[in-house]
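What follows is a single structure, written as structure tokens, with notes after it.
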Amino acid sequence: MSEPPRLSRRDLLAGFGLRRRLTEAISSSRIPSDAPALVPHVRGLAELSQALMEHRLAPADVMGEVASRVQARESTAGPFTALRDPEALMELALDAEYAINMGGYRGRLHAMPFVVADSFAAADPLRAEPATAGSLARLNAAGAILIGTTRVIGEDVDGPHDSRNADPAWERGHMPTAAAVESGLAAAGLATDTAGWVREAAGLVGIVGLKPTYGRISRAELTPVAWSLDHVGILTRSVEDAALVLNALAGPDAGDSTAAPFPAPDFTASLHRPIAEWRIGVPPAHLIDRHHPDVHRAYFGALDRLATLGAVVVEVPLPGSFEPAAAAHALIELVEQSTALLSALRDGAAGELSASTRARILAGTLVDPDAYERAQRVRAMAIRELRALLVDVDVLATPAQETVMGGTASGALEFRTIFNLTGFPALVVPVAATGLPVGIQLITRPFEEATILTVGEAVAAAR
């Protein structure tokens, strides 16, 4: 007797009625490009994954909305440098649905749509073979679905676009990855934070941006900009979403010698702790005077809300190394970027680099080694002084940005790059109640991300 034909995965999917739902999802998910969320009445990764667990939504439902939204946006100008075909996305969603139905649920990121900046592109994130190390491997193991790669920065490298009338949303800031998350094209995104990019973008578009401690997340498969400054940044719609992503990505990795060798805690476990009597350190008020009026108002309003929750807001002097740290960061970035990309010039790939990038590479080769050493001494001093400051306070709170989208703030102090230089964790949470988006930046001691996530959740809840 001949053996009966084997059922393929497609046949099994059809048996569950999923092939029919594939067609229905693609054909029916025609939503306006300015619709507010991935699925009506559901916002953010945490809520989407909760709906999947409770069978109120299925992966194909979510991905149908994503595919439609991406198609609507990409008909004008989009943030993507590479994008999966809509049918391929739906097949991945159906794979996830089948796995979940068969008892293979992998956790809160399973079937969640992600984007990553094209700083991961050297590893070709959309390749058929899954990554074996780094953040991409962790996302794959968690069951997340990567929909595409986005530009690292917008066309305006030196400052935010004056695009108050711009549409779509990714024309409004440095980081198309952030705007893709804000616009509902993905539940979360990853991008390189070398000089505060992720946090500035989060503040400008009104979402959450997290730069964990240096070493908390593996940078394997990440194209280096400046190896000692680069961090994998997380962009989400809520603080809980950021905690869920950090849960999946944090931990040791044999593929990255700079990854911390110890396991990470559950960052969602303490999100809702009361912050009464927690000490929140803030820079002297006059250092915020040059910030845009909207930033000034939203920042101090957020501090007032923290005080109403029982936190003790205290003014603290900035470390003496604060201003030299900006210069040290710039010099270290220049030298390390030059070193990382010099081989491209030697290998004849210079035609693929912009003129400004080629100039920076060459400029980095001219830096006096003694100057680089002095910059490293400034870094060591900044680390010592920040550690001392954070003995007396639990969290340091600063504005996330100097201005709002389309605004100016001449001479305003920038509070982001020192935390790339020192590697301390920093979280940006939106705080503007009205008007254009504004964020507050929260900083704490190395490997204590749970602390700033707790305060960030309190800020968000009181908004």
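The values are calculated or read from the model by the stated rules, or taken from the named source; none is laboratory data. Only a predicted model underlies this, so the values are computations on that prediction, with no experimental measurement involved. In this analysis, Cβ positions are derived from the backbone assuming ideal geometry, glycine residues included, and neighbour counts consider all displayed protein chains.
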Test: residue 209 is out of contact with any Asp or Glu (no Cβ under 9 Å at 6 or more places or on another chain), among the small types (Gly, Ala, Ser) and touching a residue at least 12 places away in the same chain (Cβ under 8 Å): no
Residue check for residue 259: free of Cβ contacts under 8 Å to residues at least 60 places away in the same chain, assigned to a loop (DSSP other than H, G, I, E, B), among the hydrophobic types (A, V, I, L, M, F, W, C) and crowded, with 20+ Cβ neighbours inside 10 Å: yes
Options 459, 428; residue that is within 18 Å of the chain's Cα centre (by Cα), surrounded by 24 or more Cβ atoms within 10 Å (Cβ to Cβ) and among the β-branched types (Val, Ile, Thr): 428
Odd one out for residue 27, checked against (1) modelled with pLDDT of 70 or more; (2) assigned to a helix (DSSP H, G or I); (3) of a type outside the set (A, V, I, L, M): (1)
Near pairs, Cβ below 7 angstrom, 6+ apart or cross-chain, from the stretch 215-232 (closer than 15 Å to residue 197 by Cα) to any residue that is part of a loop (DSSP other than H, G, I, E, B) and of a type in the set (Ser, Thr, Tyr): 225/194; 226/194; 229/194; 230/194; 231/214
Pairs with Cβ under 6 Å, 6+ apart, first in the stretch 346-361 and farther than 16 Å from residue 336 by Cα, second part of a helix (DSSP H, G or I) and at pLDDT 65 or above: 350/358
Test: residue in the stretch 309-319 that is in a helix (DSSP H, G or I) and either within 21 Å of the chain's Cα centre (by Cα) or touching a residue at least 40 places away in the same chain (Cβ under 8 Å) (or both): no
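Conditions tested, residue by residue: (1) touching a residue at least 12 places away in the same chain (Cβ under 8 Å); (2) surrounded by fewer than 15 Cβ atoms within 10 Å (Cβ to Cβ); (3) within 29 Å of residue 268 (Cβ to Cβ).
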site: 52; (1), (2), (3): yes, no, yes
site: 55; (1), (2), (3): no, yes, yes
site: 65; (1), (2), (3): yes, no, yes
site: 85; (1), (2), (3): no, yes, no
site: 94; (1), (2), (3): yes, no, yes
site: 103; (1), (2), (3): no, yes, yes
site: 110; (1), (2), (3): yes, no, yes
Helices (runs of 4 or more DSSP H) wholly inside the stretch 344-463 that include at least 1 residues being modelled with pLDDT under 85: 355-365
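Determine, yes or no, whether residue 333 is surrounded by 12 or more Cβ atoms within 10 Å (Cβ to Cβ), part of a loop (DSSP other than H, G, I, E, B) and either at pLDDT 95 or above or of a type in the set (Asp, Glu) (or both).
no
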Test set (1) part of a loop (DSSP other than H, G, I, E, B); (2) touching a Leu at 6+ places or on another chain (Cβ under 9 Å); (3) crowded, with 20+ Cβ neighbours inside 10 Å - residue 274 fails condition number: (3)
Single residue of the stretch 277-308 satisfying the filter (charged (D, E, K, R) and outside any loop (DSSP other than H, G, I, E, B)) that is surrounded by the fewest Cβ atoms within 10 Å (Cβ to Cβ): 304
